[in-house]
Amino acid sequence: MSARAVRPRRKPITGAERRQAIVESLADDEQVIFYDGFDDAITGLTEMQPSRNQRLVTYDYDKLVRCCRQQGMTEDEAVEYLEFNTIGAWVGELTPIVVRVLRIER
């Protein structure tokens with residue numbers, strides 16, 4: 001039997017760290033919009049056509065709901081809040097994108 005090196009488990013990146021990494025990756029003249037209080041639901045940053053020179057912050061829908069639930073909302077309250085105040089709110093061309101991640105069970 002050969003000994004196998006055990007890698008230490010990496011500490012998961014926090015939402016605040018993910019947000020900071022996005023801010024640090026932006027060009028000086030580039031701006032993005034974040035949803036306040038939902039850093040733990042950030043999934044990343046879009047890459048758009050170079051001619052548009054615009055990127056958008058992306059969020060995981062289920063994680064947005066989880067963030068609301070952690071603040072004491074029921075599932076229905078969280079969905080209603082998000083649909084009206086977050087996902088349904090157009091704040092211009094930099095409005096973040098919300099993605100429903102497919103979770104397929106076999």
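Only the coordinates and a few stated rules stand behind these numbers; no lab work does. Everything numeric here is computed off the predicted structure, so don't read it as measured data. Positions of Cβ are generated from backbone atoms using ideal geometry, with glycine treated the same way; all protein chains shown enter the neighbour counts.
Taking a sphere under 9 Å around the Cβ of residue 78 and counting the other residues whose Cβ falls inside, with K and R at +1 and D and E at -1, yields a net charge of -2.
Normalised by the number of residues in region 15-99, the average gap of Cα pairs under 8 Å and 6 or more apart makes the relative contact order 30 percent. Considering only 39, 60, 28, the Gaussian network model of the chain with Cα springs below 10 Å gives its largest mean-square fluctuation to 28.
Checking every one of the GluC sites (Glu not before Pro) in region 1-73 against DSSP loop status and a limit of 15 other Cβ atoms within 10 Å picks out 30, 47. The string of couplings for region 63-68 from the Karplus curve (6.51, -1.76, 1.60, θ = phi - 60°) is 6, 4, 4, 4, 4, 5 Hz, one whole number per residue in order, with x for Gly and Pro.
With a point put 7 Å past each Cα toward its Cβ, work out how far residue 29 is from residue 91 in nm, to one decimal. For the pair residue 29/residue 91, the computed spacing is 2.4 nm. Among the listed values (i) 1.09; (ii) 1.00; (iii) 0.97, the one matching Rg/Rh (Cα atoms, Kirkwood Rh) as calculated from this structure is (i).
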